[in-house]
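The structure appears below as structure tokens.
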Amino acid sequence: MPAPAGGAAAPADAPAASADARAPRRLADALARDLILAVAAVVLLALAGTAAFLLQQINRNFDTELVESAHRMMDVAMHQVDRDLPGAHTAPAAPLLSDPPLFHDDDLVVQLVDAQGRIWLRTQAAPLTAFAVEQREGFHDLAGWRIYVAAHPGRPLYLYLADPLAERTEAVVSAMTTLTLAWAVVLVALAALLVVLARKRIGMVSALQQQIGTRSGNHLQPLALTGMPVELAALARDVNALLARLQEALQVERALAANAAHELRTPLAAAQLRLATAMSSGVQNEHVQAAHQALISLQHRTEKLLQLSRAESAQALNLQAVNLNELASTVAQEMWRQHPAAQSQLDLVLAEDPAPRAWAEPDAVAIALRNLIENALRYAGSAEIELRVLAPATLQLRDAGPGVPPERLAQLRERHVRASADHAGFGLGLSIVASVAAKQGAQLVLRSPPDGLPRGFEASLLLRPAEAASAPGPLR
């Protein structure tokens, strides 16, 4: 039965699968990303609040410094005026500029102004015209300046001390830049730590998934709950309850099939014997012949159900090192005796010494081989059939018959699926072989056509080589 020639072409109007084609994101990475984004949002809000608080504090500190400086400078300025303009009651023609500078910091913007807005004294950095602010003691904001006006207690003079607002903004930006860089480093370190911690915690989900992934119809043992958090333990308990119900249902199904098939063997054999005796006594009625053929078919189906029940048995297999040359020879001789067509069609090709050996249960593998040969005799027509033993531990059956269409090849392992409706059968043969293979940790590989042939079918049973010093534990 031929291997598929290739995947079916996608229809031209198939929807774009860009979203499905993306690699799925790991839960741990998604969780870490969400946590990092949440922390980053909180940090941004904290930085915004910190910036507002810093601006408030810096403005308060600068204003306090302005007040203290203005009152100190008033005394110094008045001393300068009294020294350079003794007894003066009007402003000089030009504002006084002391040399050396009146104040140690020549960048200070200071003006001493009278009630008419005339400048008596100014620093080098101060403008030539008085700031247009109200002459009352206190703070004033004017075109990028924060100005404090200090009034002389005994004379109509006012000292303007101006501070550029840009300095305050620069101080806030500098502080926030340093703080932001520090938080950026913290967030990078936190991101790496969150990814590690999330993967470690979510690893428990992966462990649970691996346990569930190993369960099958032949392996329904409960999941281990040790070390699981409460949520996963509850999920695992529900899965265990489901596995228990499934195991019970499978046992009932297998027991029913096995018991029914076993109980039918004796009455079927007796009825077949009576019909055969009647026919040999001269009763050749077509209805009797049809009934005889129906009984033969029913007996064959009963035997298949027994084989399937054994192949899917929940009991552990006792594996042993099996000589595949000897096993294949025994099965081939049995088929030659039981099936006349096999004598002319079935060829046996053994491996060269040393003979391949595999860990297997001989009876179960023999059942699988007999089913493969019976399928080949049924579907290959008169084509040659080869039973080959290949190293390291493969049993292969190939024929040059019509083969199997590629779209049906993947369905042949299912029960009651036949390669062709033109041939009699029950669709259980390859299902039995697949169950035997799964039970023993082997692989069933189907190809159509086989390598090197224009048509035909090939079934390969890849067993586990018996090269280890001791046999593996029983498979379930």
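The values are calculated or read from the model by the stated rules, or taken from the named source; none is laboratory data. Not measured: the values here are computed from a predicted model. Because the Cβ atoms are built from the backbone with ideal geometry, glycine has one as well, and the counts that use them run over all protein chains shown. To get the accessible areas, we keep the full protein, side chains included, count just its heavy atoms, and leave off ligands, DNA and RNA. Shrake-Rupley method; radii C 1.70, N 1.55, O 1.52, S 1.80 Å.
Packing, as the average of other Cβ atoms within 10 Å across residues, places the peptides 331-337, 146-152, 158-164 in the order 158-164, 146-152, 331-337, highest first. Straightening the chain between Glu326 and Ala184 buys 43.9 nm, computed as 0.36 nm per residue apart minus the Cα-Cα spacing. A Förster radius of 60 Å combined with the Cβ-Cβ distance from Leu27 to Leu142 puts the calculated FRET efficiency at roughly 0.50. Rolling a 1.4 angstrom probe over the protein heavy atoms with all chains in place gives region 116-176 an accessible area of 51 Å² per residue. The label-point distance for Glu334 and Asp84, in a model that sets each label 7 Å from Cα toward Cβ, rounds to 12.5 nm. Taking label points 7 Å from Cα along the Cα-to-Cβ direction, Asp347 and Gln443 give a separation of 2.7 nm.
Shown here are the Rg and Dmax of the Cα trace of region 182-225, at 17.4, 58 Å. Applying 1/(1 + (r/R0)^6) with R0 = 22 Å to the Cβ-Cβ distance of Leu250 and Gln211 gives a FRET efficiency near 0.70. Note on Asp75 and Val173: with the Förster distance fixed at 35 Å, the Cβ-Cβ geometry gives a FRET efficiency of about 0.50.
Surface listing: Ser448, Ser344 arranged by accessible area from highest to lowest gives Ser344, Ser448, probe 1.4 Å. Give me the one-decimal nm value for the distance between modelled label points at Ala115 and Ala132, 7 Å along each residue's Cα-to-Cβ direction. Taking the two extended label points, one gets 2.3 nm. If the segment from Asn240 to Gln57 were pulled out straight at 0.36 nm per residue, it would be longer than the present Cα-Cα gap by 59.6 nm.
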